[in-house]
Amino acid sequence: MNFLKIDLGAIAHNLNQIKKILPKDTKIMGIVKSDAYGHGLLPVSRLLINKGIDMLGVSYLFEAYELIRNGINANIVTLCGIFNQEEAVLIVEKNIIPVIWDIEMVHILDKEAERKGKKAEIFIKLDTGMGRLGIKKEDLPQFIRRLSSFKSVKTKGLLSHLSSADSNDEESKRFTKKQIKIFKESIGICRQMGIDLSMNSIANSAGILKYNPESIFELVRPGIILYGAYPSPEFKTDLNLRHAMKFSGRILQIRDIPAGMPISYGRTYYTKEKKIIAIISAGYGNGIPRAISNKGYVLIRGEKAPIIGKVCMDLMVCDITGIKDVREGDEVVFMGRSGDEVISSSDIAKWANTIPYEILCSIGKINKREYER
């Protein structure tokens, strides 16, 4: 009844578009955390590896293990680090690269690597202003001095994250440039202290698009733009990206409704005149935000039909008055293209006052996916 289609060809296209705007030797870490933003961890990772991506970025060790268990041989980075001795054993055994901000975790990793006769590779997480994971620039010298005493750990580079690169206001622009400046200075500190950093990264999707080349170091980390979406509903770019996810359903029933009729839960919508309505086969149980009630649209026969009344768990109601030749069983596009009209994850995010990431993750994780190439 409902159909979620993932266009792997679109993801390959988007990767090629990203490569075109990067300096020739820039390495790329494809971010596939959260089930590849709802697009499917394994199919997307296999595609990216086949297309020559340099690294895959996941959040936690279980995601990295899922990749390895399914035969995906790649440089896999756990962006949220490791937590204990048990995880350190697997990290070293499987040659996974953790992001580290805790010197005690380095110690545990070093002991395990020494025991196995191996070198464990790490990234150091630097907080340049995100206020989340990482260590501050002023704490870096002490961290590096302690790090230098471990002989079985090799640092690939520094990694940080831009908090506001997707925003257009002047304060956000100044803040982003300050983060980049701190990052550059921190690389300099490490190199002066004898740490060979060959792969540093601060550029996320927004950084790649809006702060290129100043945020581009040896490694970049595209996430949402791999999937053809943008970091925020208002984000603008000239890059030719293709949305990889399409979600559609069906019209279950068509009804003629008189004026003054309440629609759906809570009677938040009353018809002001006679209407033709369609009851549609999906709702918030399928990842469509309830917040787009009375605000959002769907596409039917290439035309926009407004959502009226509250979005239900498995259903919603749309006004199809004026749309010609609509039939029960017709396709309804919640996200994607119908004729010349498109509804994107950014459109839904704007109606719901959220971000495209949440829309893709919610719809992608709940519904059964089909893949196109």
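The values are calculated or read from the model by the stated rules, or taken from the named source; none is laboratory data. Not measured: the values here are computed from a predicted model. For neighbour counting, all protein chains shown are included, and Cβ atoms are generated from backbone atoms with ideal geometry for every residue, glycine included.
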* Asked: What are the residues in the range 163-193 that are closer than 30 Å to Val153 by Cβ, in contact with a helix residue (DSSP H, G or I) (Cβ under 8 Å, 6 or more places away or on another chain) and among the small types (Gly, Ala, Ser), if any?
  -> Ser163, Ser186
* To do: Residues being among the basic types (Lys, Arg) and crowded, with 19+ Cβ neighbours inside 10 Å: count how many of those fall in the range 294-349.
  => 1
* Filtered residues of the range 86-102 (kept if of a type in the set (Val, Ile, Thr) and out of contact with any strand residue (DSSP E or B) (no Cβ under 9 Å at 6 or more places or on another chain)) -> Val89
* So is Lys304 farther than 25 Å from Gly223 by Cβ, basic (Lys, Arg) and assigned to a strand (DSSP E or B) or not? -> yes
* Of all the helices (runs of 4 or more DSSP H) wholly in the range 41-103, which have at least 2 residues that are within 18 Å of Arg221 (Cα to Cα)? -> 41-50, 61-69
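Let's see how each residue does on (1) under 19 Å from the mean Cα position of the chain (by Cα); (2) not aliphatic (A, V, I, L, M):
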residue	(1), (2)
Leu315	no, no
Thr321	no, yes
Tyr357	yes, yes
Ile366	yes, no
* Asked: Limited to the range 273-293, what total is found for residues that are surrounded by fewer than 15 Cβ atoms within 10 Å (Cβ to Cβ) and under 12 Å from Asp319 (Cα atoms)?
  -> 2
* Asked: Does Gly364 satisfy being touching an Asp or Glu at 6+ places or on another chain (Cβ under 7 Å), within 20 Å of Tyr227 (Cβ to Cβ), of a type outside the set (Lys, Arg) and at pLDDT 95 or above?
  -> yes
* Structure fact -> Per the list (1) in contact with a Leu (Cβ under 9 Å, 6 or more places away or on another chain); (2) at pLDDT 95 or above; (3) crowded, with 18+ Cβ neighbours inside 10 Å, residue check on Phe235 breaks on (2)
* To do: Answer yes or no as to whether Glu218 is acidic (Asp, Glu) and free of Cβ contacts under 8 Å to residues at least 24 places away in the same chain.
  => no
* Can you pull out the residues in the range 129-143 that are within 18 Å of Ile108 (Cβ to Cβ) and out of contact with any Asp or Glu (no Cβ under 9 Å at 6 or more places or on another chain)? -> Phe143
* To do: State whether the residues of the range 219-230 include one that is in a loop (DSSP other than H, G, I, E, B) and surrounded by fewer than 19 Cβ atoms within 10 Å (Cβ to Cβ).
  => no
* **Members of the range 104-126 found to be in a loop (DSSP other than H, G, I, E, B), more than 19 Å from Ser198 (Cα to Cα) and of a type in the set (D, E, K, R), listed by number** => Lys118
